[in-house]
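Structure, as structure tokens:
The values are calculated or read from the model by the stated rules, or taken from the named source; none is laboratory data. Predicted model, so just to flag it, every value in this text is computed and none were measured. Virtual Cβ from ideal backbone geometry, glycine too; neighbours counted across all protein chains shown.
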4 protein chains.
Amino acid sequence: MHTGPQRDQACLIVHGPDRPGIVAAVAALVTRHEGNIVSLDQYSTDPTGGDFFQRVVFGRRDLAVAMPDIEADLAQTLGPMGMEWSLTDRSVPKRMAIMVSTSDHCLLELLWRHRRGELPVTIPMVISNHTNTAEDVRSFGVPFFHVPSAGPDKSAAEAEIVKLLAGNVDFVVLARYMQILSPDFLDGIGVPLINIHHSFLPAFIGAAPYRKAKERGVKLIGATAHYVTKDLDEGPIIEQDVARATHAHSAADLQARGAYVERAVLSRAVEWHATDRVIRHGNQTIVF
Amino acid sequence: MHTGPQRDQACLIVHGPDRPGIVAAVAALVTRHEGNIVSLDQYSTDPTGGDFFQRVVFGRRDLAVAMPDIEADLAQTLGPMGMEWSLTDRSVPKRMAIMVSTSDHCLLELLWRHRRGELPVTIPMVISNHTNTAEDVRSFGVPFFHVPSAGPDKSAAEAEIVKLLAGNVDFVVLARYMQILSPDFLDGIGVPLINIHHSFLPAFIGAAPYRKAKERGVKLIGATAHYVTKDLDEGPIIEQDVARATHAHSAADLQARGAYVERAVLSRAVEWHATDRVIRHGNQTIVF
Amino acid sequence: MHTGPQRDQACLIVHGPDRPGIVAAVAALVTRHEGNIVSLDQYSTDPTGGDFFQRVVFGRRDLAVAMPDIEADLAQTLGPMGMEWSLTDRSVPKRMAIMVSTSDHCLLELLWRHRRGELPVTIPMVISNHTNTAEDVRSFGVPFFHVPSAGPDKSAAEAEIVKLLAGNVDFVVLARYMQILSPDFLDGIGVPLINIHHSFLPAFIGAAPYRKAKERGVKLIGATAHYVTKDLDEGPIIEQDVARATHAHSAADLQARGAYVERAVLSRAVEWHATDRVIRHGNQTIVF
Amino acid sequence: MHTGPQRDQACLIVHGPDRPGIVAAVAALVTRHEGNIVSLDQYSTDPTGGDFFQRVVFGRRDLAVAMPDIEADLAQTLGPMGMEWSLTDRSVPKRMAIMVSTSDHCLLELLWRHRRGELPVTIPMVISNHTNTAEDVRSFGVPFFHVPSAGPDKSAAEAEIVKLLAGNVDFVVLARYMQILSPDFLDGIGVPLINIHHSFLPAFIGAAPYRKAKERGVKLIGATAHYVTKDLDEGPIIEQDVARATHAHSAADLQARGAYVERAVLSRAVEWHATDRVIRHGNQTIVF
């Protein structure tokens, strides 16, 4: 369960059509490269004819030296089986950018967990269309970039953001970034984006979910972390959670309480993504 | 928190436009009728110009004898203030009918809680469009009536149900009754209906919510108990709850797990309704 | 996640000192016996020098025929590695006895879940030192045996229970059986016992936990399912859960609410034990 | 549910022996001083002969001017009934000191919630026996005082702390202050102290609760906020909560996860205390 960077540990993700012998083949491969399996999770939508997903963490002395050999063996072993895979060195943290508007609760939670050593990432930048969080961000030693996005045409702002991100980050977290991103932008950055939606999707999609929740008289409010796709509020869900609501809560109360659910849900989703626990599968996720 | 019938206790519900002095007027009324307040809850949407809601439970020796005087005093005291009220003798349990189709989990939970003395109601009848639960129902000493509802025209079945219910029950619980009820039926029975919807409304309204939840890849499933209105799945929500779901759950797994959430949520809603803890307010509820 | 009996599926539990190659050896073994891994969980207290635990479910046509060969291969493969293992045919449900005193909530929950097909066990008998649940038990088609246990000397009663259980059951559930069992009894029956303790162990060990919880003014009450050992209330914990409590709850209220936590916690523990998801490890459990 | 300071609102706490007419007397008093009841909670351990507790929030134009008259009326009205009461002007926030050692998670949560306007207090000082949090504290504009407490004799340190606190604060929060405070200190400061205990009391009292929890193999970990009394870990509980634990969590993992429960539980307790929602009653609390 350690979430910090791990020396001499690799994480291998394998997925593809299920068939007998995959687990044995992967385990044998790890063994013949002198790896010692630390944890192994697997899931199959159907053992006969379904889709197979596996996550293996293994330790191996002098991992960096052995990586090319292991990569080559993976290609030879899994390629003929029609499987896809990715192998990552766990001593290399992913680079995470955060995009934010004015609300700071998700942003500060991520920065603070990172400072505590509980998020195995580096944070090369925070980008905001506002400036109110700049001082806080920089007090954590993280660069802050202000990219205003006023006016109907967001293309210049988006282009500037793409330029900042390109080649510098492995994934982006929208920590209450209140601008709709264009399909071109999503194509342009080429890395996954995780969003926190301030409602319990698929309920209350779109804007002002807490006001809608108040009007509907719900007894629980929630939040949803999901990967961003071109279909707004429709991407694969990573994590969700809820908190109790009563008649005595105003829409503003719900929003204040919801903020605590949002930051917890987003933090878990980010931690799981950063440690390669989340595999996308169509519009769903496998979370190991 | 006792939920069984209470001798010599009354429950008074008051609501109407908020104004200074209501609480004092009600408390003084209880005192001058020698009542002793056991519990008091109040809520105002806005102390100046909002709507006011109050529930007072008070003890009074020989309550039955005093009821007419208290009623008359309520009319004199609250009438001029424009308030509405209802006074109930807590030694008289509400009469609850249960309507059910084939799924027995909500039905059995209600029958069993009732037998344990945890639901202060009487159950004069269970009505079903199927017969599979008849033996179980009767083993609890509760009458079972079979009213088939095949074919597109439900009016004969509905008429028969209205005839069974009329004058015999104070509220009806749809414990997974899988027939859509007509507006005429709802007008005809003249008592509140509580429904359990097997999803976390307003997500997944309509049929097959667990299949939809699986397709959407949600990480929590839920259930909603609500009063029935002519707008399907849109009535005032009384209670909601959720359970964790993962990628490894099939739609059938979600349904099986959901059953436990459904029975818990419905039971709480029924208990609260039976003890006059729920006040309808437009399309919302106040739950004391 | 299917919990019913599964045709042509085996469950293999392996544990022992961790060392490189165990997962590969087990996976290869399954493959060479034409098994297809359905699910695999593993845990190691420490990949270098710790204890290793694995649960593998695999499908195999004509499993019953192949079992002896697989068993022999396991002995040859895992024996030299110093591992222990157990292989079970998932089409053969475990035989579960239930022991109960007067409280019926845990008992009925188990019987009812079993009837719904959600507990993959057979229930050859219910044993009680009281008779109040006899009729209910028999209405589920389950034999009921009354073994009174009045007086200070329980040895005759215990001997009678051992005689009923011996050879007939694979595990025993104490579903609120309010008698302390002697070390001799525990030795005598030779199968695991699961108990539900009506508190959140290790808080409020011993009798009257709800009264103690009320006196201590706790804000959550809980229940604990655990394996029974000779140290009362000290056995390995399988599952725990809690419910909210407030100042307004009397000790009796806490007990009534606690009953719902107890039945849920015990049911989960029983399901997990019945599906070989729980491995004892000293005074702790691994729950896959 | 607004938690910020409220202009022209008073909070009245009344408690004493229950007797008929108390609610009426209090409500009439509020009305004759032109107050408008915003919220009212009451609880009685037993309506005949028990203890009575009430919290009334009421609005009143020019409250500050009216306070002396209301106070005098309270003395005249409630004194003869043997009741105790306290009346506070909600526009005057309580002054809260925070004491902390090296762990910053509870401290930062409180400072951050305060900055968001979600804790209706002022924070005149943070006192620590370490210096690592000084910079963070001051970045919130809050004074930081370092009072070392090395060596077995804490009396000098305690005396210094008493001097800092005396007359300057209305309550003290021990936000993971890892020193045992002497009875003399508790007598000396004369204001309530709220402590967060990093376990689910009464389980795992004393030091190293997460290690003990790991050894006991619990499936939930928790935290408890309570008032400090001379009996270590035995004071009245204000709030508790839990998080799931599994066999895969090390003691360090439990501690890291527990930190999130601790900060949430402590924050709720502080908010409730700051808004006069908590009434001590022997070794228990009434939380409205």
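Quick look at the numbers
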| quantity | calculated |
| --- | --- |
| Some residue of the stretch D:203-223 being facing chain C (nearest Cβ under 10 Å), closer than 21 Å to D:His15 by Cα and part of a loop (DSSP other than H, G, I, E, B) | no |
| Spans of helices (runs of 4 or more DSSP H) in the stretch A:105-178 with at least 3 residues under 26 Å from A:Cys11 (Cβ atoms) | A:105-115 |
| Test: C:Thr131 is hydroxyl-bearing (Ser, Thr, Tyr) and within 14 Å of chain B (Cβ to nearest Cβ) | no |
| Hits in the stretch D:97-128 - residues which are more than 13 Å from chain A (Cβ to nearest Cβ), over 16 Å from the mean Cα position of the chain (by Cα) and among the small types (Gly, Ala, Ser) | D:Ser101, D:Ser128 |
| Residue check for C:Ala256: assigned to a helix (DSSP H, G or I), more than 11 Å from chain D (Cβ to nearest Cβ) and not acidic (Asp, Glu) | yes |
| Residue count, the stretch A:11-29 (criterion: of a type in the set (Gly, Ala, Ser) and closer than 12 Å to A:Pro80 by Cβ) | 3 |
| Within the stretch B:261-274, considering residues that are β-branched (Val, Ile, Thr) and more than 9 Å from the chain's Cα centre (by Cα), the one farthest from the other protein chains (Cβ to nearest Cβ) | B:Val261 |
| Any hit, the stretch B:198-208, residues being surrounded by 16 or more Cβ atoms within 10 Å (Cβ to Cβ), over 17 Å from B:Ala256 (Cα atoms) and in contact (Cβ under 8 Å) with a residue 40 or more places away in the chain | no |
| Residue match in the stretch C:43-57 (condition: within 14 Å of chain A (Cβ to nearest Cβ), surrounded by fewer than 17 Cβ atoms within 10 Å (Cβ to Cβ) and β-branched (Val, Ile, Thr)) | yes |
| Complete set of residues in the stretch A:179-197 that are touching a strand residue (DSSP E or B) at 6+ places or on another chain (Cβ under 6 Å) and not hydrophobic (A, V, I, L, M, F, W, C) | A:Pro192, A:Asn195, A:His197 |
| Residue satisfying condition, being surrounded by 15 or more Cβ atoms within 10 Å (Cβ to Cβ), in the same structural domain as A:Val228 (by TED's automatic domain parsing) and more than 21 Å from A:Leu266 (Cβ to Cβ), within set A:Ala150, A:Ala157, A:Ala166 | A:Ala157 |
| Any pair with Cβ under 8 angstrom, 6 or more apart, that starts in the stretch D:210-226 at a residue that is over 10 Å from D:Ser199 (Cβ atoms) and ends at one that is of a type in the set (D, E, K, R) and crowded, with 24+ Cβ neighbours inside 10 Å | D:Lys219/C:Glu239; D:Ala225/D:Glu239 |
| Count of the stretch B:13-54 residues which are touching a Lys or Arg at 6+ places or on another chain (Cβ under 7 Å) and farther than 16 Å from D:Gly21 by Cβ | 2 |
| When residues of the stretch D:209-231 are limited to those that are among the aliphatic types (A, V, I, L, M) and in contact with a Leu (Cβ under 9 Å, 6 or more places away or on another chain), the one surrounded by the fewest Cβ atoms within 10 Å (Cβ to Cβ) | D:Val228 |
| Restricting the stretch C:242-263 to residues that are free of Cβ contacts under 8 Å to residues at least 24 places away in the same chain and closer than 14 Å to C:Ala223 by Cβ, the residue that is surrounded by the fewest Cβ atoms within 10 Å (Cβ to Cβ) | C:Ala243 |
| Top-ranked residue of the stretch A:143-180 - restricted to ones that are touching a His at 6+ places or on another chain (Cβ under 9 Å) and not aliphatic (A, V, I, L, M), ranked as nearest to A:Pro209 (Cα to Cα) | A:Arg176 |
| Residue match in the stretch D:80-96 (condition: away from chain B (no Cβ under 11 Å), in contact with a Phe, Trp or Tyr (Cβ under 7 Å, 6 or more places away or on another chain) and either on the phi > 0 side of the Ramachandran plot or crowded, with 19+ Cβ neighbours inside 10 Å (or both)) | yes |
| Members of the stretch C:187-202 that are away from chain D (no Cβ under 14 Å) and modelled with pLDDT under 95 | C:Asp187, C:Gly188, C:Ile189, C:Gly190, C:His198 |
| The listed residue being at positive phi and within 21 Å of the chain's Cα centre (by Cα), out of D:Gly282, D:Gly188, D:Gly235, D:Gly258 | D:Gly282 |
| Which listed residue is touching a helix residue (DSSP H, G or I) at 6+ places or on another chain (Cβ under 9 Å) and either in the same structural domain as C:Tyr177 (by TED's automatic domain parsing) or farther than 24 Å from D:Lys214 by Cα (or both), from C:Arg244, C:Arg280, C:Arg216, C:Arg268 | C:Arg244 |
| Residues that are within 23 Å of A:Val92 (Cα to Cα), assigned to a helix (DSSP H, G or I) and touching a residue at least 40 places away in the same chain (Cβ under 8 Å), drawn from the stretch A:2-59 | A:Val26, A:Leu29 |
| When residues of the stretch D:8-42 are limited to those that are under 20 Å from D:Asp62 (Cβ atoms) and under 22 Å from the mean Cα position of the chain (by Cα), the one nearest to the other protein chains (Cβ to nearest Cβ) | D:Gln9 |
| Which listed residue, of A:Asp18, A:Asp73, is crowded, with 19+ Cβ neighbours inside 10 Å and either farther than 28 Å from D:Ala245 by Cα or in contact with a helix residue (DSSP H, G or I) (Cβ under 6 Å, 6 or more places away or on another chain) (or both) | A:Asp18 |
| For A:Tyr177: the one exception among (1) surrounded by fewer than 16 Cβ atoms within 10 Å (Cβ to Cβ); (2) hydroxyl-bearing (Ser, Thr, Tyr); (3) in contact (Cβ under 8 Å) with a residue 40 or more places away in the chain | (1) |
| Filtered residues of the stretch D:115-172 (kept if closer than 29 Å to A:Gln255 by Cα and polar (S, T, N, Q)) | D:Thr122, D:Ser139 |
| The stretch C:232-247 - residue that is in a loop (DSSP other than H, G, I, E, B) and not β-branched (Val, Ile, Thr) and, of those, farthest from the other protein chains (Cβ to nearest Cβ) | C:Leu232 |
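Quick grid of which residues meet (1) of a type outside the set (D, E, K, R); (2) over 24 Å from D:Asp276 (Cα atoms):
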position	(1), (2)
D:Cys106	yes, no
D:Leu111	yes, no
D:Arg115	no, no
D:Val142	yes, no
D:His146	yes, yes
D:Gly151	yes, yes
D:Lys154	no, yes
D:Ala157	yes, yes
D:Glu160	no, yes
